[in-house]
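Everything on this sheet refers to the single structure shown next.
The values are calculated or read from the model by the stated rules, or taken from the named source; none is laboratory data. Predicted, not measured: the structure shown is a model, and the values here were computed from it. Quick reminder, even Gly has a Cβ in these numbers, built from the backbone with ideal geometry, and neighbours come from all protein chains shown. The protein model used for the area step is the full one, side chains on, heavy atoms only, and it has no ligands, DNA or RNA in it. Shrake-Rupley method; radii C 1.70, N 1.55, O 1.52, S 1.80 Å.
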Amino acid sequence: MTISLAIIYQELLGTYGDRGNALTISHRAKQHNISCEIIQVKPGEKIPTSCDIYLLGGGEDNAQTLATTLLMENKKDFIRAIENSQLLAICAGFQILGKHFPVSKNKFSPGLDLIDVSTQPGSPRIIGEVVSKSVIPGVGDLTGFENHAGRTLISNNSTPLGNVIKGLGNGIETNGTFVDGYFSGGIVCSYMHGPILARNPRLCDYILSKATNLDFLAMAENDDTARMLHQERLLANK
Ligand code: GLN
């Protein structure tokens, strides 16, 4: 079996090393004899609509605004692309999918408005380790590193990716707790860099399961290095 994965605008949304998510997916797929074709979609190029997995990473404010303009121009293709596939969007990528995000003091850029979230400016910048309890059965606790100024509000009808145990995640307190990211089956969003899939192999397995219709989460974890890294980060954040 071969799956295809598109990294969208790595040149703009690659500042925080989220390309590692593509390498992790490819690595874990290979362990099960599934090869993974990685396609780099460069700024200005059309977005292919038939990939199994799409990745949007984090980026600085100006790069994020430019990436949004380009995605707006390709919105039809992007919607078609993510209709029947998996999308992982991190930090700036997460903010871009929502209604709007701040670009400078009192100025907002419209987002793609594909998910019911919106981002406001915030201070101080949120930088540090973050841990959450994932809402996805079998995925467990997630660890990552957050580095963002934006505070993202998800609507009451939306589900976060996890409930924050350490750090601030989306950065907005609701009923005394913080949440991280957004989750709707095919769309996984988070503020966690790291990259998130290298630090959380079971989240990678969830995405692979959805992309292949094989139950990776039911398979025994056979990668000791991945499991040890996950445990080490969880222990370090206790
Ligand atoms: N520019 C955005 C913010 O600061 C996103 C940062 C990021 O992708 N790490 O909120």
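For the options G17, G93, G57, a Gaussian network treatment of the chain with springs between C-alpha atoms closer than 10 Å singles out G17 as fluctuating the most. Spacing of the modelled spin labels on M72 and I38, each 7 Å from Cα toward Cβ, amounts to 3.1 nm. Under the criterion of Cα pairs below 8 Å and six or more residues apart, the relative contact order for the chain equals 18 percent.
Between D113 and T177, what FRET efficiency comes out of the Förster formula 1/(1 + (r/R0)^6) with R0 = 25 Å and r the beta carbon distance, rounded to 0.05? Efficiency for this residue pair is about 0.40. Placing a label point 7 Å from the Cα of D61 along the Cα-to-Cβ direction, the residues of region 87-122 whose backbone N falls under 17 Å of that point are 92-93, 95-96, 100-111, 119-122. Once Rg and the Kirkwood radius are both taken over the C-alpha atoms of the chain, their ratio Rg/Rh works out to 0.94. Tell me the carbon and sulfur percent of the accessible area for the chain, rounded to whole percent, probe radius 1.4 Å. On the chain, the fraction of accessible area on carbon and sulfur atoms equals 51 percent. If the segment from E129 to T225 were pulled out straight at 0.36 nm per residue, it would be longer than the present Cα-Cα gap by 32.5 nm. Calculated [222 nm] ellipticity per residue, helices only, for the chain: -8500 deg cm²/dmol; basis is -39500 (n - 2.57) per DSSP H run with n ≥ 4, divided by all residues, nearest 500. Legend: distances between Cα atoms for K76/K210; K76/K133; K42/K76; pairs beyond 27 Å are K76/K133. Taking a ≥ b ≥ c as the square roots of the eigenvalues of the Cα gyration tensor, region 71-137 is oblate, since a/c reaches 1.5 or more and a/b is not larger than b/c. Were the residues from N84 through K166 laid out at 0.36 nm apart, the gain over their Cα-Cα distance would be 26.2 nm.
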